[in-house]
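Participant: The structure's right below; bear with me while I get my questions together.
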Amino acid sequence: MRKLTAVRLSWMALLAIGAGCSHEATVKEVSFKNDIYPIFQARCMICHAEGAPGCVASGFSLATYDSLMKGTKFGPMVVPGDSADSNLLTLVKHKADPSIAMPRSPTPGNPSGWLEAKQIDLIETWISQGARNN
């Protein structure tokens, strides 16, 4: 009887480990090109393209992956793999001073101009996954 219990416990442990592995495998890899850049184009480029007011004021351009990773004249905006220390996420989550919260431009159907929760989640996941140029 004791041997049967040990076998059952072993199987249960293997199933638990397997379940954890399959969960990690189902997390979608977020793509800069397909998921993140379109958000920036639709919601941020009006102010953060080269020569636009936000870019002139801060030095922060979202025109390319390289300009995003360069950050602002005040420092980096994205810390790959560390969304908690990424200033970009602090700004779009409105956890900074309201005068610098982003974005501020209203769009049709979104008078606050804020990003939607799913857009913020995508940015956060992309940063956590290493903020790759993929």
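Participant: Output the residues belonging to segment 93-113 that are hydrophobic (A, V, I, L, M, F, W, C) and over 14 Å from Cys47 (Cα atoms).
Facilitator: Answer for segment 93-113, where residues must be hydrophobic (A, V, I, L, M, F, W, C) and over 14 Å from Cys47 (Cα atoms): just Ala96.
Participant: Might you check whether a residue that is modelled with pLDDT under 95, surrounded by 10 or more Cβ atoms within 10 Å (Cβ to Cβ), among the basic types (Lys, Arg) and under 15 Å from the mean Cα position of the chain (by Cα) occurs anywhere in segment 28-37?
Facilitator: No: segment 28-37 contains no residue that is modelled with pLDDT under 95, surrounded by 10 or more Cβ atoms within 10 Å (Cβ to Cβ), among the basic types (Lys, Arg) and under 15 Å from the mean Cα position of the chain (by Cα).
Participant: Could you check segment 114-134 and list, in sequence order, the residues that are assigned to a loop (DSSP other than H, G, I, E, B) and farther than 12 Å from Val92 by Cα?
Facilitator: Scanning segment 114-134 gives Gln129, Gly130, Ala131, Arg132, Asn133, Asn134.
Participant: Also, quick follow-up: Which one of these does His94 not meet: (1) at negative phi; (2) surrounded by fewer than 17 Cβ atoms within 10 Å (Cβ to Cβ); (3) assigned to a loop (DSSP other than H, G, I, E, B)?
Facilitator: Only one criterion in (1) at negative phi; (2) surrounded by fewer than 17 Cβ atoms within 10 Å (Cβ to Cβ); (3) assigned to a loop (DSSP other than H, G, I, E, B) is unmet by His94, namely (1).
Participant: May I pose another question? What are the residue pairs meeting all of these: first residue in segment 74-92, first residue within 13 Å of Asp121 (Cα to Cα), second residue loosely packed, with under 13 Cβ neighbours inside 10 Å, Cβ atoms under 9 Å, and 6 or more apart or on different chains?
Facilitator: Leu89/Lys95; Thr90/Ala84
Participant: Would you mention how many residues in segment 54-83 are part of a loop (DSSP other than H, G, I, E, B) and of a type in the set (S, T, N, Q)?
Facilitator: Total satisfying the criteria: 2.
Participant: Could you give me the residue pairs with C-beta distances under 6 Å whose first residue belongs to segment 117-134 and is closer than 14 Å to Lys33 by Cβ, whose second residue is part of a helix (DSSP H, G or I) and charged (D, E, K, R) wherever it lies, and which are 6+ apart or on separate chains?
Facilitator: That search, which allows pairs on different chains as well, returns Leu122/Asp35.
Participant: To continue, here is another question. Looking at Gln119, Gln41, can you tell me which residue is of a type in the set (S, T, N, Q) and closer than 20 Å to Val27 by Cβ?
Facilitator: Gln119
The values are calculated or read from the model by the stated rules, or taken from the named source; none is laboratory data. All values reported here derive from a predicted model rather than from experimental measurement. Cβ: placed from backbone, ideal geometry, glycine included. Neighbour counts: every protein chain shown.
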